[in-house]
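Remarks on the structure that follows.
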Amino acid sequence: MMRFGERLRMTVFGSSHGPEVGVEIDGVPAGVIVDVPAIQRQLDRRRPVGRRLATRRQEEDRLEIDSGLVDGISDGRILRAHVANADIRRAPYDRLGDVPRPGHADFPARVRYGPEADLSGGGIFSGRMTVGLVIAGALARGLLAARGIDVVAFTRSIGPVDARVPAEATPAELRALAARSEVEAPDPAAAAAMEAAIQEARRDGDSLGGVIEVRGYGLPVGLGEPFFDSVESEIAHAFFSVPAVKGVEFGAGFAAARMRGSEHNDPFAWIDGRVQTLSNHAGGILGGLTTGMPVVVRAAVKPTSSIAKPQRSVDLAAHRDTTVTVTGRHDPCIVPRAVGVLENVTAFVLADLALRGGFLP
Ligand SMILES: Cc1cc2nc3c(=O)[nH]c(=O)nc-3n(C[C@H](O)[C@H](O)[C@H](O)COP(=O)(O)O)c2cc1C
C-alpha cells in the first residue's frame, strides 16, 4: 500500500534505482500558495551530500513539480512532484538477489515478490522512498503554518549518547540549536559525542541507531478522529512506514508503565486565559484527541542494517549458509537524515487530521 491519508492523501512512487522517486498529493485545496523553495529546503535536509557522517552517494534531489500548481498556487488537481535518481550504482547490489542482507528487507521481499523484483538500492524498501513523504509533509506544513501550527524535530540520542534538551526552549530555539550540528541534536556537547560515536562505528564497519523526538506546537484542542484514527494511531501508522523506525512512543511513553496515576496525570490549570496542563506526560494527546499542549512523539530508529562487517546469511539459490559483506554506500547512522523525514511526516498527519476535523478551510 503506497497511499496514506484521508482528506489529504499521498501516493508515493518510484524506487531507489529507478528513474525517479516522488509523490502524488490529492486533496490540497485550490488557491493555496505553495512555497516551493521551502519544500526544496526540507528535501535538502535529508540529502546525504554535505554531511561528513553520511553515505557518499551523491544525489542532487532537485524538486520538479509536474502538475497541480499554476504560478505557485495550487489549482485543486492532484499535485505530482518528483526528483530524479541521479547517482545509481547497481553493481554492489547484484548478489543481493540470492544472498539477503541481515536486517534489511531483502529476504521477505524476495520471498514475497520473487527473484525478478528489483531490489537494487533496496528498491521500494529504500530510504529514498522518503523523498515523497518529505515533499508531501513540507507542503502540508504550509497549510499548518497559516493556522499557527509548527512542527519541530531533533535527535534525542544516538547509540549510547543522550542529548540534554533545554526544558523551556521555544520551537524556534530548538530548531536553531539542532540545525547547528550535523546530527541535528540541540545539545552541542552531546552532538560532538554523537558524531564521534558514529565515526567510531564506521571505522569498525558497523552502524548506530538512535531516538528522534518530534513536537507539534500551536495545535487546537480536540484535533483527531475517534477510535481507529486517533492522533496516536495516525502518527504511529505514518512513522512505521518510514524504513528503520522500530518503536514509537508519545509523551512519557513506555516510562508511563512504571509511574503512579498521581505522578503521570497532568494537572489542569487556567494559564493565560486557557486550560493548560502543568506537565505533559500525555504528550499532548488524551483519548486520541489533542489537548492543546505540545504533541510529543519519539521514534526509535534502528542501526543501519547494511554494514561492512562480514555477517552470516544464506544463499537462497544454492540452499546453503554463507557470509555477506555489504558494499555500496550506506549511512553508518540513519538518524540525522530521518529527523527531517519524521518532522515532515508529522506535519502531513496533523494537516490531514486538521482538514478532517474542520480546523482548516
Ligand atoms: C533516510 C533513510 C536512509 C536510509 N539509508 C539506508 C542505508 O543507507 N542503508 C541501509 O541498509 N538502510 C537504510 N535505511 C533503512 C532501510 O531502508 C530499512 O532498514 C530497510 O528497508 C528494512 O526496513 P525496516 O528497517 O523498517 O524493517 C534508510 C532509511 C531512511 C529513513
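Exactly one residue out of Arg329, Arg298, Arg337 is among the basic types (Lys, Arg), in a helix (DSSP H, G or I) and within 16 Å of the ligand (Cβ to nearest atom), and it is Arg337. Of the set (1) more than 24 Å from Gly127 (Cβ to Cβ); (2) basic (Lys, Arg); (3) touching a strand residue (DSSP E or B) at 6+ places or on another chain (Cβ under 9 Å), all apply to Arg274 but (3). When Gly142, Gly127 are checked against the criterion of being touching an Asp or Glu at 6+ places or on another chain (Cβ under 7 Å), modelled with pLDDT of 90 or more and not basic (Lys, Arg), Gly142 stands alone in meeting it. Of the residues Ala308, Ala269, Ala354, the single one that is away from the ligand (no atom under 16 Å from the Cβ), over 19 Å from Arg215 (Cα atoms) and either of a type in the set (A, V, I, L, M) or buried (at least 19 other Cβ atoms within 10 Å of the Cβ) (or both) is Ala269. Taking the criterion of being more than 16 Å from the ligand (Cβ to nearest atom) and either touching a residue at least 60 places away in the same chain (Cβ under 8 Å) or part of a helix (DSSP H, G or I) (or both), the residues of region 116-145 that qualify are Leu139, Ala140, Arg141, Gly142, Leu143, Leu144, Ala145.
If I ask for residues that are of a type in the set (D, E, K, R) and either within 19 Å of Gly292 (Cβ to Cβ) or buried (at least 23 other Cβ atoms within 10 Å of the Cβ) (or both), which ones from region 157-186 would you list?
Hits for region 157-186 are Glu168, Glu184.
Taking helices (runs of 4 or more DSSP H) as the structural unit, those lying wholly within region 150-263 and holding at least 2 residues that are in contact (Cβ under 8 Å) with a residue 40 or more places away in the chain and more than 21 Å from the chain's Cα centre (by Cα) correspond to 188-203.
The values are calculated or read from the model by the stated rules, or taken from the named source; none is laboratory data. These numbers were taken from a predicted model, which means no experiment stands behind them. Glycine gets a Cβ as well: all are built from the backbone with ideal geometry, and neighbour counts include every protein chain shown.
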